[in-house]
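**Q** Let me begin by handing over the structure; questions about it come next.
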There are 2 protein chains.
Amino acid sequence: MNNLHSQTLPCVLQLALCDYRAIDLAKAKRVQKWQRDPEGMRLRILEAAKQEFAAHGLAGARVDRIAANAGANKRMLYYHVGNKEDLYLAVLEGAYEKIRSEERGLDLEHLDPPEAIERLIDFTWNYFLRNPEFLALLNTENLAKARHLKRSTKVKSMHSPFVEMIRTVVTRGVESGDFRVAVDPVQLYISIAALCFFYLSNSATLSVIFGRDLLKKEARDERLAHMVALVLAALTGKSTADFGKAVGQDVRPPAHQPV
Amino acid sequence: MNNLHSQTLPCVLQLALCDYRAIDLAKAKRVQKWQRDPEGMRLRILEAAKQEFAAHGLAGARVDRIAANAGANKRMLYYHVGNKEDLYLAVLEGAYEKIRSEERGLDLEHLDPPEAIERLIDFTWNYFLRNPEFLALLNTENLAKARHLKRSTKVKSMHSPFVEMIRTVVTRGVESGDFRVAVDPVQLYISIAALCFFYLSNSATLSVIFGRDLLKKEARDERLAHMVALVLAALTGKSTADFGKAVGQDVRPPAHQPV
DNA sequence: CCAGTATTTATCCAACGGGTTAATTTCCTC
DNA sequence: GAGGAAATTAACCCGTTGGATAAATACTGG
C-alpha cells in the first residue's frame, strides 16, 4: 500500500545524456550513479524529519517516510544523524535554535514601550504562523513530558532574549508613565506566547467547535488586533479601538453557527 | 520486555476460598472464572483508553496496554467499542461531554461582571489542572487536524455555554460601567482558555527552559493571579495589586537560573 | 593511478501491534 | 433445567517498522 519507490532511486541522478564533457572526453562509459553531498544530505534529512515529526508526532512518524521525503536511503538517517530519537532531538534542537536566532534579531530597545510590546506580539504571532511545525514539535515534546529536552544541554543553554527585553521595556514603560503597573516579565512572556500559541495550535478543533475557519485572513487579523489590544489595555490602562468587535453589534448570529 | 501478564488473568476473579455459600451448598465444584459486567467493562475500557491516549497520543497508544489496564482481554475493546480509532473518538467525545457538563454548572448570571470573569478564569484554570488528560487529548486531536472531531456530530452539537455567558456578562459590565470596552466574547473565551491551556499544556518544556518547576503550588498561584489581573485590568481599566511581581524587586537572579 | 576512506545502496529480519477467528463460560428466560 | 444469546477468553494472523549487515560506489591524498 505504502509506495516508497523513491527510496530505491539514487538521491541525485546525474543524467548520462547531459554529461557532455564525459562524452567529449570519450570516457562516456563511466556513468555516475550518485553524488556525494554529506552536508546537503544531512540538511535534507533534518528537514524531512521536521515535517514528519510535526505532522505525525514522535510515535506516528515513520523513518521510511523521512528517508523517502529526504530523497535518501533509510540507512542514511542512521549514518548521518542516528536512530529515530536522535533524529527527533536534532530536529527539536534545530527548531529552538531557529526561533532563538530570529528572536535575537528583534530590537525593542529603541521603541516606545507600548510599541515595543506590540512588536513583540506581532513577531510571536507571525513566527508561529510562519512555522507551524514549531508548534507541533513543542506539543509533541510536552506529550513526552519534555523527556528529550531535559537531556539536551544545547537547548537549556539557549535562553530567550525576550524575558530580559520585556523586563527593560516594562521598567521603561513604568518610569515613563506609559504603563501603570509592573508586571513579572516571565508571566507576560508566557501570556503573550499563550495567546498566540493556543489559537494557532488548536485552530483545527476550535474551527470545528465554532463552525468557522479561524485561519482565514480576516479571522487572523481580528485575532492579532484583539491580542494587542488586550495586553496593551492591561498595561497602559487605555483602551484602543481594536479591542474586538462590540458585543452589541450582531455581526454573527446570536447562537453558534448551525453545523 | 513488555510485561502484559495481566491480560492473561480473568478480569474479576472470584476466589474459590471465599465462596462460602457454594461450599455450604456442596456445589463447590463450580468455580466461576469471571463475572459478566458489560457496562462496567465498557467504562473501565474507556477510562484506560483515556489515560493511554492522553499519555502517548493516538499513534503512540497501545491497544494491548489499554486492555491490560482495563483488566480486560484485548478482544473486549473491539467487542464493546470498536477499533483503535473508534476507541479514540469515544474517549474524545466523553472528554468534551464532561467539560461541557461542568461548564453548564457554572452560574455567572448573578455575579458582578468582574467577579463573573474571575470565576470564569478560576474555573477554566482548575478544570485544566484537574483534568490534564483533556489537554493532552486536545493536542492529539489538533495534531490530527481535528480529523476525528469533524466526523463527530455529537461533539459539534455540544456548544459551550461560555460564549453566551461571556456575551451577557460583558454587556452588563459595559452598561454598569464596570468595563470600559465591549469585547468579542469569542475572542475573550479563546484568550482565557489560551492563558490557562498553554501554561499547563506546555509546563514540561517551559519548566526546562526556565529551570524551575512551574507546577508547584506557589507557581500555580502566581500564574492564576497574573491571568485574572491581566484580563480584569484590560476590561476594567483598573489595575489590581496581584498583577504579578514587580519588575524592580529582584525576587530571582537577573538572568535565567543556571541549570 | 592506486589504496583507503567516506558515502550510498540493496537486502534482510525479528519484534511489534492491530485486528480476527473460534472456542468457552455465564446468565437469562421459558 | 435446558436452550440460547450475550459476554469473555485464548490463540493466532500477518503486514508494518525500526534497525542491522554487508556490499557497492565515489572521492581524496599520496
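**Q** Hey, for A:K154 with labels 7 Å out along Cα-Cβ, what do the inter-copy distances come to in nm, ordered shortest first?
**A** When each copy's label point is compared with this one, the spacings are 4.3 nm.
**Q** Using a probe of 1.4 angstrom, how much of the accessible area of region A:95-248 is carbon and sulfur, in percent?
**A** 53 percent
**Q** Can you spot the aspartates and glutamates whose alpha carbon is less than 15 Å from A:K154's alpha carbon? Ignore those fewer than 8 places along the same chain.
**A** Straight-line reach from A:K154, under 15 Å: A:D86, A:E93, A:E97.
**Q** Let me know the mean shielding of A:94-104 by other chains, meaning the per-residue number of their Cβ atoms within 10 Å of its Cβ. Intermediate results must be reported in sequence, preceding the final value.
**A** On the way: counts 0, 0, 2, 0, 0, 0, 0, 0, 0, 0, 0.
Across A:94-104, the average partner-chain Cβ count within 10 Å equals 0.
**Q** Sticking with this one: Across peptide A:132-142, how many C-beta atoms of other chains are within 10 Å of each residue C-beta, on average?
**A** Mean number of neighbouring Cβ atoms from other chains: 4.
**Q** Assuming a viscosity of 1.306 mPa s and a temperature of 10 °C, what translational diffusion coefficient in µm² per second does Stokes-Einstein assign to region A:158-209, Rh being the Kirkwood radius over Cα pairs?
**A** Once the numbers are plugged in, D ends up at 126 µm²/s.
**Q** Under the Kirkwood approximation applied to all pairs of distinct alpha-carbon atoms, what is the hydrodynamic radius of region A:34-82 in Å?
**A** 10.6 Å
**Q** Separate question: Looking at the square roots a ≥ b ≥ c of the eigenvalues of the Cα gyration tensor of region A:124-173, which shape do they give, rounded for a/c under 1.5, prolate if a/b is larger than b/c, or oblate?
**A** Oblate, because a/c is 1.5 or more while a/b does not exceed b/c.
**Q** Could you state the number of Å between the C-alpha centres of region B:91-126 and region B:182-209?
**A** Here the answer is 15 Å between Cα centres.
**Q** According to the Kirkwood expression over distinct Cα-Cα pairs, how big is the hydrodynamic radius of region A:167-247, in Å?
**A** Across region A:167-247, the inverse of the average 1/r is 14.1 Å.
**Q** In Å², nearest 100, what accessible area do chains A and B bury in total when the solvent probe is 1.4 Å?
**A** 6300 Å²
**Q** Enter the accessible area per residue of region A:34-82 (Å², integer; probe 1.4 Å; all protein chains in place).
**A** In whole numbers, region A:34-82 has 54 Å² accessible per residue.
**Q** Could you work out the per residue convex hull volume over the alpha carbons of region A:101-149, in cubic angstrom?
**A** For region A:101-149, the hull spanned by Cα atoms encloses 96 Å³ per residue.
**Q** Choose one of B:L195, B:L137, B:V170: the residue whose Cα lies farthest towards the positive end of the charge dipole of region B:96-259 (beta-carbon charges +1 Lys, Arg; -1 Asp, Glu; about the Cα centre).
**A** Going by the Cα projections, it comes out as B:L137.
**Q** So the label point sits 7 Å from Cα along the Cα-to-Cβ vector; using that for A:E218, what distances do you get to the other copies, in nanometres, sorted shortest first?
**A** Distances to the matching label points in the other copies: 4.9 nm.
**Q** Got the A:H110 label distances to the other copies yet, label 7 Å along Cα→Cβ, in nm, shortest first?
**A** Label-point distances to the other copies, shortest first: 5.9 nm.
**Q** Take the alpha carbon gyration tensor of region A:95-248, find the square roots of its eigenvalues, order them as a ≥ b ≥ c, and report rounded if a/c is under 1.5; if not, report prolate when a/b exceeds b/c, else oblate.
**A** oblate
**Q** Summarise the accessible area of region A:34-82 (1.4 Å probe, protein heavy atoms) by the percent that is carbon and sulfur. Before the final figure, lay out the partial values.
**A** Details: 1340 of 2630 Å².
Of all accessible area on region A:34-82, carbon and sulfur atoms account for 51 percent.
**Q** Further question on the same structure: Other chains near B:207-214: what is the mean number of their Cβ atoms within 10 Å of each residue's Cβ?
**A** 4
The values are calculated or read from the model by the stated rules, or taken from the named source; none is laboratory data. Remember, predicted model here, so these are calculated numbers, not experimental data. Glycine gets a Cβ as well: all are built from the backbone with ideal geometry, and neighbour counts include every protein chain shown. Accessible surface areas use protein heavy atoms only, side chains included; no ligands, DNA or RNA. Shrake-Rupley method; radii C 1.70, N 1.55, O 1.52, S 1.80 Å.
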